[in-house]
Amino acid sequence: MITRLICAECPNGCNLSLEWKDAVSVVVSDNQCSRGIGYAARILCREKDVHIEAKEKTAHFSQEAIAEILKSWNIPLSRVRYDIPIQGSPERSLFRVVIENADKELFVLEQIAIKNLDARRRIAKTLDLLSQKKISQLNPYLKNISQEHLTQHRATFWQVAPFVQGVALEREKYMLDSWRGKALAEFLIDLRQAGEIPFFNTKKVFSLKSYIHKLVRNIATYKGDVLSDVKDIVDLLEKDFLTQDERLPIVFCHGDYHPMNMIWGNDRIACVIDWEFSGYKNEIYDMANLIGCVGVENPQGLSAGLVMSFVRRMQEVRIISAAGWHYLVDCVLALRFAWLSEWLRRSDKEMTDLELDYMHLLIENREDLKKYWDVKGA
């Protein structure tokens, strides 16, 4: 018997095919990524235990192939845990899944695109170095039997890390939690105090000015209907911030620092994930991205517990320059162009409109936000 299930894990909305072998065994296919298997497992296992299998042509790798890959780490495969969701963006790897060994320990196995191999090696070395510097909220990749972070299996490349179990964020309430803001600040303080990261070129610094100018040119060419909506935003940033951005102090940044890129414990950050955008950027880059991401979910969050405790703790340690504090609100606004670019790339009109509304809201409340965060007194 074959039934259907619409996957709700991501915007793809795959129409999954469920081929039942018997009352408790089902083969899942027609998924575009591994998340479809996990979604089917969670839905089907709500009322009874169901044995989930993935059709190899859509799930990419059989259990036998996964077992063979794991031999590079001396990890004996007990079972593939499609029923366990993995936090973080699935777009960072070609395929990923939780696996369980004979001792019931859990690991995340990821397939890495060839074009990303150098970047992934650099990230793995960075996480090792930061761990050696006693930054605890990290989950370094495991080295294989050859003491390498990446394993080649036939024409594919792989990484493995221990699976970190977290506590789900209450999306409507988390921005009220002052303890989260302090925890987020403490990690950035530790990252700043870790010093130079030798695997990144300190002269190759991300330029917000260049990024925004390039995006606006692309909007003019391919998304002309949006151009008028961003013109006043760009004009405001051009008057001051974009002329000064590259003069701000440069530090090593996570690059995509926001609450959804944390695995949270009950009262702490268990792990900071998704380091693909890490590198040298202006000193307020991570701060501004974090604040902007909280506010886009609920603008009231810009003056609520998480953001306010985060800002206060960063002020206390005095590691941000006066110029950095002066331009913090403008940097929050400028970084929203990266998110706008993502919605335009996906042709997601609803999120594009929401983002533009949010950017204009930031402009309208610019002076009030400076008062809330007391940036002059920092």
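Key figures for this structure:
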read-out: Loop-resident sites, the range 155-243, for GluC sites (Glu not before Pro), counting at most 13 other Cβ within 10 Å (DSSP); value: 170, 172, 196
read-out: Qualifying lysines (Cα of each under 29 Å from Cα of residue 71; at least 8 residues distant if same chain); value: 55, 57, 104, 115, 125, 143
read-out: Net charge of Cβ neighbours under 11 Å - reference residue 14; Lys, Arg +1; Asp, Glu -1; value: 0
read-out: Antiparallel content of DSSP bridges confined to the chain, in %, to 5; value: 90
read-out: Between helix 35-44 and the chain: long-axis angle, C-alpha atoms, 0 to 90°, nearest 10; value: 70
read-out: Dipole in debye (nearest 20) - the range 232-378, about Cα centre, beta carbon charges: Lys, Arg +1; Asp, Glu -1; value: 540
read-out: Selection from 291, 242, 132, by position along the positive dipole direction of the chain (Cβ); value: 132
read-out: Nearest-ten-degree value, helix 117-132 long axis tilted from longest Cα axis of the chain; value: 80
read-out: CD proxy at 222 nm, helix term only [per DSSP H run n ≥ 4: -39500 (n - 2.57); per residue of the chain; nearest 500]; value: -13000 deg cm²/dmol
read-out: The range 20-118: GluC sites (Glu not before Pro) in DSSP loop, at most 16 other beta carbons within 10 Å; value: 47, 105
read-out: Rounded to the nearest 20 debye, dipole of the range 147-296 from Cβ charges on Lys, Arg, Asp, Glu; value: 320
read-out: Size of charge dipole - the chain - debye, nearest 20, with Cβ of Lys, Arg +1 and Asp, Glu -1, no other charges; value: 900
read-out: Residue-count net charge about residue 248 - beta-carbon cut-off 10 Å; Lys, Arg +1, Asp, Glu -1; value: -1
read-out: Among 292-299, 221-228, 250-257, the order from most to least packed when residues are scored by Cβ within 10 Å on average; value: 250-257, 292-299, 221-228
read-out: Rg to Rh, two decimals, where the chain supplies the alpha carbon set and Rh follows Kirkwood; value: 0.99
read-out: With Cα atoms, 0 to 90° folded angle of helix 208-222 axis to the chain main axis; value: 70
read-out: Neighbour-count ranking [beta-carbon atoms within 10 angstrom, fewest first] of 366, 217; value: 217, 366
read-out: DSSP-loop trypsin sites (Lys or Arg not before Pro) across the range 283-363, with at most 12 other Cβ within 10 angstrom; value: 318, 346
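Values quoted throughout were computed directly from the atomic coordinates according to the rules given, and no laboratory measurement underlies them. Being a predicted model, the structure only gives us computed values, none of them experimental. Here Cβ is always computed from backbone atoms with ideal geometry, including for glycine, and neighbour counts include all displayed protein chains.
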